[in-house]
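Here the structure comes first, spelled out in structure tokens, and everything after it is commentary.
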Amino acid sequence: MRSSNPVFSRRGFGRDNGYAGFNTAPQAGGPAVATQANPYAQPTGNPYAQNPYAQQQFGAPPQAPATTGRMTIDDVVMRTGTTLGVLIVTAALSWALLPVDDANISRSYGIGIGAALIGMVLALVQSFKRKPTPALILTYAAFEGVFLGVISNIVDNRIADGAAMQAVIGTMAVFAGVLVAYKAGWIRVNRRFYGFVMAAALGFVLLMAVNLLFAVFGGGDGLGFRSGALGVVFGVIGIILGACFLALDFKQVEDGIAYGAPREEAWLAAFGLTLTLVWIYLEFLRLLSILNSD
């Protein structure tokens, strides 16, 4: 299992990669058979076929209770709670210890941006590692928390009073809503859904990058994608994309458990969910800033 976030995914959902949940129909003739030409053939659709903890039969959830070494939903919940806990604690500390009054805002903002850049580098390092490193993921969460604490404090105290709590509530509401919709079957995560989300996300990121370049070199608000009416529209689109990524994350967690992913993969599930929740929170914060700006 790998994070569904497009920037940080190493496995992805290629047409022929056989990732759990997106290419799970068994082929005629049963499981693949190892031959001299292909001694490593695996049953179609299960990326954990050679995992000693994976079920032996293809295409069905594990029949026996989860055993030591295989990822469970409790593992995912515990790792995600730990990662988010580190992020929340460091965000609270940076809010309290890095004031954003006129005398200190430049220093605090600089520390926050520096923490964001370090967090981005750590996230990229983890994304290119073959296996998850809990210390790296938790360190990323700590630096990301510092950034979120500073930027939330700035918005809350200088732009929109109460925006941080409103963004937290909004993020929790999106998470709960997507989870209920996914479990109820109202959201069908398939290859078409994934392709649509990836295409929309790519277009969104490219537009934001172009807008940033125009803002840096041309001054002002760039092309206006992050201010005024257009800013509100793109803020809503960003939140909707985050909700779609949550659905992809839920699908990957579900498939990872069903196909016997090793327990260490729970850290990658926590990593992906944290990235998505941070995305949604920042989009809410940006949207509230636009709505409350003069």
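The values are calculated or read from the model by the stated rules, or taken from the named source; none is laboratory data. These numbers were taken from a predicted model, which means no experiment stands behind them. Please note: Cβ atoms are built from the backbone with ideal geometry, for glycine as well, and neighbour counts cover all protein chains shown. Keep in mind that these areas ignore ligands, DNA and RNA; they rest on the heavy atoms of the full protein, side chains included. Shrake-Rupley method; radii C 1.70, N 1.55, O 1.52, S 1.80 Å.
Open to solvent by less than 60 Å² (accessible area, probe 1.4 Å) and closer than 28 Å to residue 104 by Cα - does that describe any residue in region 181-199?
Looking for residues that are open to solvent by less than 60 Å² (accessible area, probe 1.4 Å) and closer than 28 Å to residue 104 by Cα, one finds none in region 181-199, hence no.
All but one of (1) farther than 30 Å from residue 86 by Cβ; (2) open to solvent by 30 Å² or more (accessible area, probe 1.4 Å) hold for residue 211, so report the exception by its number.
The failed condition is (2).
Residues of region 214-265 being surrounded by fewer than 22 Cβ atoms within 10 Å (Cβ to Cβ) and at positive phi, which ones?
Hits for region 214-265 are 219, 220, 222, 224, 228.
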